[in-house]
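Since the structure comes first, as structure tokens, the remarks are kept for the end.
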Amino acid sequence: MRYLESLVLAFLAVFLPIKAVLLTTLGLVFFDAATGVMAAYKRKEKITSGGLKRTIGKIFLYEMALCLAFLCEQYLTGDLAPVCKLITTAIGLVELKSILENLDSINGTSLFKLAVDKITQKELEK
């Protein structure tokens, strides 16, 4: 039992520097899943366990990719290649795009286009 505790503590100590990255990615995936369920409900689509199963797989894949990228950056490339930041950016952009698509589906119009129109309208009024 002591060995297992030591192993868990060592694991936590190694990955503590990317705790915020792991939690942010987890939050993005959960938010994407929630907006996806709402969008499917709005489109009157059937919500199945297969979609939720894919979310669990995505969480596992993303978290493992980030941990491996962090290890590569720390112990192989150093500051030469910010591997973890690049992979984090790619994952974040994919999830953000998916969330925006879900919100567009829920809203019935493009929220990005609506925001741009509001900004340009304010600029024209000045």
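Every number in this text was worked out from the coordinates using simple rules, so none of it is lab data. These numbers come from a predicted model, not from an experiment. For neighbour counting, all protein chains shown are included, and Cβ atoms are generated from backbone atoms with ideal geometry for every residue, glycine included.
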Does any residue of the stretch 48-66 turn out to be in a helix (DSSP H, G or I), within 30 Å of Ala10 (Cβ to Cβ) and touching a residue at least 40 places away in the same chain (Cβ under 8 Å)? yes
The correct count of residues that are among the β-branched types (Val, Ile, Thr) and buried (at least 16 other Cβ atoms within 10 Å of the Cβ) in the stretch 60-104 is 5
Going through the stretch 1-27 in order, the residues found to be more than 22 Å from Leu71 (Cα to Cα) and either in contact (Cβ under 8 Å) with a residue 60 or more places away in the chain or hydrophobic (A, V, I, L, M, F, W, C) (or both) are Met1
